[in-house]
Amino acid sequence: MAETMRAARFHADSKKTVVEDVPIPEPGPGEVLVKVEYCGICHSDLSLINGTFPAMLPVVTQGHESSGTIAELGAGVAGWAVGDRVIPSAGKACLRCRNCRRGDLTNCLNIQLMAFAYDGAWAEYTVAQAGGLTRIPDNVPFDQAAILADAVSTPYGAVVRTGEVRVGEAVGVWGVGGIGTHIVQLARLVGAVPILAFDINQVVLERALELGADYAFDSRDPELKAKVADATGGRMLDVAFDSAGLAVTFSQALDCLAVGGRLIVVGLSDQEAVLGTTTAFGLSKKQVKGHLGYKNVDIETLAELLSRGRLDVSRSISEIVSLEDVLVGIEKLDRHEGDPIRILVRP
């Protein structure tokens with residue numbers, strides 16, 4: 001194995017991402033070295049570049065949605081072998097907090113995020129904790145496997161864990177890009193009905209209908225609330241997901257909830273949300289919950305759903321660029337060029 005590799009590194013001082021040669025990392029105890037096959041370009045990567053998310057390190061390799069094969073085992077790793085097809089978790093336990101000391105690594109209180117607190121996978125190789133790996137079924141392609149670690153698992157966690165969507169509940173999704181598209185698919189998978197999609201892009205709305213939404217509405221429609229009432233038989237929405245994280249989408253989603261309905265905020269922005277008067281909010285019995293991330297077991301569940309043909313994310317990958325062209329992919333995602341859901345980097 002060569003001593004160096006190519007990696008796309010974010011430099012906090014200049015806010016530039018540069019592809020450069022760096023030493024191939026060595027796995028420590030309990031870790032593995034993964035030869036990267038694919039890694040997604042996520043909007044959180046853009047948020048680091050544009051300064052929405054503060055840099056945690058002066059220089060860091062970006063990319064946290066990856067797949068690959070184990071190239072080397074660190075000391076003490078059991079149950080894995082060189083050549084195994086894996087998805088690294090996009091976060092790792094700190095191993096120091098109260099929960100970690102009790103062995104509850106899944107609920108680490110100081111979870112470290114890949115590509116922010118430690119080097120990610122826009123590179124030929126990346127290091128991952130063995131305890132956070134998910135095995136990729138043989139019939140699941142590497143490119144689809146890569147996006148499970150965030151692009152699909154975060155929506156899964158929003159629908160199943162935070163939103164607790166139940167069979168027969170009416171669900172609305174504001175913003176049906178990468179996150180919202182998968183929320184539509186997963187809400188349908190768990191039995192939500194009807195599913196309403198909201199966006200300002202007609203192409204995106206048509207895709208939402210093709211992937212499982214029962215209705216698709218332009219969120220700028222002045223008669224939007226009346227149309228939601230009509231689509232739900234007057235009951236309004238049991239659960240609304242704000243995948244855009246904007247003040248306007250937050251307000252619309254909250255306004256379209258039924259009494260006691262649940263608003264799950266998945267999209268992130270620097271805009272402020274308003275609940276209205278405490279009297280109106282209290283009388284409505286509505287709930288607002290923020291959602292971020294997933295559990296590693298979610299990736300395993302999604303991998304099995306893909307393997308058994310219950311879930312199809314083939315349309316979620318809009319383009320693949322080489323590591324050397326990662327800046328091209330970043331620019332396309334930032335401009336929503338070609339309506340991308342996920343652009344993948346291949347070393």
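The values are calculated or read from the model by the stated rules, or taken from the named source; none is laboratory data. Keep in mind that what you see is a predicted model, and the values were worked out from it rather than measured. All Cβ positions, even for glycine, are placed from backbone atoms using ideal geometry, and neighbour counts span all protein chains on display. Ligands, DNA and RNA are stripped out before the accessible areas are found, and what is left, the full protein with its side chains, is counted by its heavy atoms. Shrake-Rupley method; radii C 1.70, N 1.55, O 1.52, S 1.80 Å.
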- Within region 196-298, strands (runs of 3 or more DSSP E) holding 3 or more residues that are at positive phi and touching an Asp or Glu at 6+ places or on another chain (Cβ under 9 Å): none
- Sort out which residues of region 308-328 are among the hydroxyl-bearing types (Ser, Thr, Tyr), at pLDDT below 95 and part of a strand (DSSP E or B), and write them in order of number. Ser318
- Which of (1) open to solvent by 50 Å² or more (accessible area, probe 1.4 Å); (2) part of a loop (DSSP other than H, G, I, E, B); (3) touching a residue at least 60 places away in the same chain (Cβ under 8 Å) is the odd one out, the single condition Phe116 does not satisfy? (1)
- Would you check which residues across region 300-336 are among the charged types (D, E, K, R), free of Cβ contacts under 8 Å to residues at least 60 places away in the same chain and closer than 22 Å to Lys15 by Cα and list them? Asp325, Glu331, Lys332, Arg335
- Gly132 vs. criteria open to solvent by less than 40 Å² (accessible area, probe 1.4 Å), within 24 Å of Phe10 (Cβ to Cβ) and in contact (Cβ under 8 Å) with a residue 60 or more places away in the chain: yes
- Query: Of Ala240, Ala244, Ala213, which residue is within 23 Å of Leu189 (Cβ to Cβ), surrounded by 20 or more Cβ atoms within 10 Å (Cβ to Cβ), free of Cβ contacts under 8 Å to residues at least 60 places away in the same chain and of a type outside the set (D, E, K, R)?
  - Reply: Ala213
- Taking region 155-202 and keeping residues more than 27 Å from Gly40 (Cα to Cα), open to solvent by less than 30 Å² (accessible area, probe 1.4 Å) and out of contact with any strand residue (DSSP E or B) (no Cβ under 9 Å at 6 or more places or on another chain) leaves Gly191
- Message: Out of everything in region 293-338 that is acidic (Asp, Glu), within 17 Å of the chain's Cα centre (by Cα) and closer than 21 Å to Val184 by Cα, what residue ends up being least open to solvent (accessible area, probe 1.4 Å)?
- Response: Asp298
- Please go through region 87-109 and pick out each residue that is farther than 18 Å from Gly157 by Cβ and open to solvent by 90 Å² or more (accessible area, probe 1.4 Å). Leu95, Arg96, Arg98, Arg101, Arg102
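Yes/no per residue for (1) β-branched (Val, Ile, Thr); (2) under 26 Å from Asp143 (Cα atoms); (3) touching a Lys or Arg at 6+ places or on another chain (Cβ under 7 Å):
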position	(1), (2), (3)
Val82	yes, yes, no
Ala90	no, yes, no
Cys100	no, no, no
Gly120	no, yes, no
- Task: Of the conditions (1) closer than 30 Å to Gln271 by Cα; (2) in contact (Cβ under 8 Å) with a residue 60 or more places away in the chain, Ser67 clears all except one; give me its number.
- Result: (1)
- Query: Do we find a residue being touching a Lys or Arg at 6+ places or on another chain (Cβ under 6 Å), modelled with pLDDT of 95 or more, open to solvent by less than 60 Å² (accessible area, probe 1.4 Å) and closer than 21 Å to Val159 by Cβ anywhere in region 262-279?
  - Reply: yes
